Amino acid sequence: MKTMKKIVCILSTLMLVLCTLGCSKKAEQPVEPRLLLGFSQIGSESAWRIGNTRDIEACAEEYGVSLMFENANQKQENQIDAIRRFIAYKVDVIAFSPIVEEGWDNVLNEAKEAGIPVILVDRDVSTDAEGLTKCLIGADFYKEGVMAAEYLIRKADSLGLEHVNIVEITGTENSTPMRQRQAGFVDTIAGDDRMVILESIDGDFLKSRGAECMRSLLGTYGSDIDVVFSHNDEMTLGALPEIEKAGFVPGQDMIIISIDGGQEAIDVLKEGRINCVVECTPKLGKELMETALKLKAGEEVDTLIHPVEEVFSDEQDTSLIAPRGY
Ligand code: AHR
């Protein structure tokens, strides 16, 4: 009986060792990616863009998606070349954030002919052709412009302003956020006779350009400027030191309105040097992975996916704003 017990014990130990070996061998084997996704990013022009890239890379890993990532360094021709490389590699799905809206028809037709579905991320394209892309995952930029203007109207009311001179520092010319943020803002202030846009100037979403634009605007309009409406945090952060150098206190002498909601801008909002930041979330990776997997599986997808966004401003207790993560 004792010998029998010993044999059973030895056999169970042996089975346990074999099983452990087997399992660890399996874990070492490379996991077959569920999908090959080619993604062409615009560049690294802002904290927003860097946050967007990180989010897409992290979500690709989480979803078991193999990512061919290309950074176009702010050039449309680099994005077109990248899309052609994705087609040559026969990726399952192509995604890209078009730097500007026009000029994509040829390359998108090539992707269509190759049978590769295309997802637009963050920004839109403008085309008369049908069916070149499957969907757009990105912010409602028009609504962001509306929210910026609605804040301004409330602020002007609370300060009792009778006349409001605005300078606008816009994002990259002909890009979707530039066009739609401007349209949303202009449409919303149109019914308010106090509001006047002195000048709109192209800051290309860059901090250095934000500073240059602000210098130029201060040189032309000086103390006539009541409001700076800047299309992103980077340009706002570039403009603020120029305002201070010119002897004005941002947030008090001039109302400062920004868009994005990156941590640095939120910290400046808390200091009182920015009055309002409209959120534009860069966290589009989850929707992108889920949509790409559906397309590979031949399923239908929503043609337009907008994340929910909010407004941060001096109307609220800014100490309660949670860390932003970008
Ligand atoms: O397309 C989104 C915009 O692009 C963000 O507002 C800006 O910061 C980025 O560069």
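The values are calculated or read from the model by the stated rules, or taken from the named source; none is laboratory data. These figures come from a predicted structure and were not determined experimentally. Methodologically, a virtual Cβ is constructed for each residue, glycine included, from the backbone with ideal geometry; neighbour enumeration extends over all protein chains shown. These accessible areas exclude ligands, DNA and RNA; they are computed on the full protein's heavy atoms, side chains included. Shrake-Rupley method; radii C 1.70, N 1.55, O 1.52, S 1.80 Å.
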Residues of region 234-254 classified as open to solvent by less than 10 Å² (accessible area, probe 1.4 Å) and either within 22 Å of residue 178 (Cα to Cα) or in a strand (DSSP E or B) (or both), total: 7
Matching residues in region 270-298 - criterion: being open to solvent by less than 10 Å² (accessible area, probe 1.4 Å) and of a type outside the set (Val, Ile, Thr): 275, 276, 280, 282, 284, 285, 288, 289, 292
Region 171-193 - residue that is open to solvent by less than 10 Å² (accessible area, probe 1.4 Å) and either touching a His at 6+ places or on another chain (Cβ under 7 Å) or closer than 15 Å to residue 139 by Cα (or both) and, of those, farthest from the ligand (Cβ to nearest atom): 184
Those residues of region 218-252 which are of a type in the set (Asp, Glu) and within 16 Å of the ligand (Cβ to nearest atom), in sequence order: 233, 234
Residue satisfying condition, being in contact with a strand residue (DSSP E or B) (Cβ under 9 Å, 6 or more places away or on another chain) and either farther than 30 Å from residue 120 by Cβ or assigned by TED's automatic domain parsing to the domain that holds residue 97 (or both), within set 192, 253, 233: 192
Some residue of region 16-33 being surrounded by fewer than 16 Cβ atoms within 10 Å (Cβ to Cβ), more than 16 Å from the ligand (Cβ to nearest atom), assigned to a helix (DSSP H, G or I) and modelled with pLDDT of 75 or more: no
Selection count, region 39-50, where residues are more than 11 Å from the chain's Cα centre (by Cα) and assigned to a strand (DSSP E or B): 2
Number of the exception - residue 267 against (1) open to solvent by 50 Å² or more (accessible area, probe 1.4 Å); (2) touching a helix residue (DSSP H, G or I) at 6+ places or on another chain (Cβ under 9 Å): (2)
Test for residue 136: is it over 22 Å from residue 232 (Cα atoms), surrounded by fewer than 22 Cβ atoms within 10 Å (Cβ to Cβ) and under 23 Å from the mean Cα position of the chain (by Cα): no
Test: residue in region 253-271 that is closer than 20 Å to residue 163 by Cβ, more than 12 Å from the ligand (Cβ to nearest atom) and among the polar types (S, T, N, Q): no
Any hit, region 204-213, residues being within 13 Å of the ligand (Cβ to nearest atom) and closer than 18 Å to residue 152 by Cα: no
Residues that are more than 15 Å from the ligand (Cβ to nearest atom) and over 18 Å from residue 259 (Cα atoms), drawn from region 134-170: 134, 135, 156, 157, 158, 159, 160, 161, 162, 163, 164, 165
When residues of region 299-320 are limited to those that are touching a residue at least 60 places away in the same chain (Cβ under 8 Å) and of a type in the set (Ser, Thr, Tyr), the one least open to solvent (accessible area, probe 1.4 Å): 313
Residues (surrounded by fewer than 21 Cβ atoms within 10 Å (Cβ to Cβ) and not polar (S, T, N, Q)) located in region 194-205: 194, 196, 197, 198, 199, 201, 202
Some residue of region 115-122 being open to solvent by 30 Å² or more (accessible area, probe 1.4 Å) and in contact with a Lys or Arg (Cβ under 7 Å, 6 or more places away or on another chain): no
